């Protein structure tokens, strides 16, 4: 994770918009979502694969909760507005 944090900070300092994805799951997305420089998370592949097992609505809901939990933890807030 520290390498990802440094890479995101470096890329943002160069003026790049930072995206992350490929391999993110509900178990791994929280710490990545907490990196403030990341503008976009590419999570579609996981959601579609998970939807086969639990349905699309449940897969999307679980991923959104995991992403928000990571961002909330990083911000020190109890909930994002």
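The values are calculated or read from the model by the stated rules, or taken from the named source; none is laboratory data. Please read all numbers here as calculations on a predicted model, not as lab measurements. Here Cβ is always computed from backbone atoms with ideal geometry, including for glycine, and neighbour counts include all displayed protein chains.
Some values worked out for this structure:
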item	result
Residue within segment 51-73 that is modelled with pLDDT under 95 and assigned to a loop (DSSP other than H, G, I, E, B) present	no
First in segment 9-20 and on the phi < 0 side of the Ramachandran plot and in contact (Cβ under 8 Å) with a residue 12 or more places away in the chain, second anywhere and assigned to a loop (DSSP other than H, G, I, E, B) and exposed (fewer than 15 other Cβ atoms within 10 Å of the Cβ), Cβ under 9 Å, 6 or more apart	9/36; 11/17; 12/36
Looking only at segment 1-45, and only at residues there that are in a strand (DSSP E or B) and surrounded by 14 or more Cβ atoms within 10 Å (Cβ to Cβ), the one that is modelled with the lowest pLDDT	21
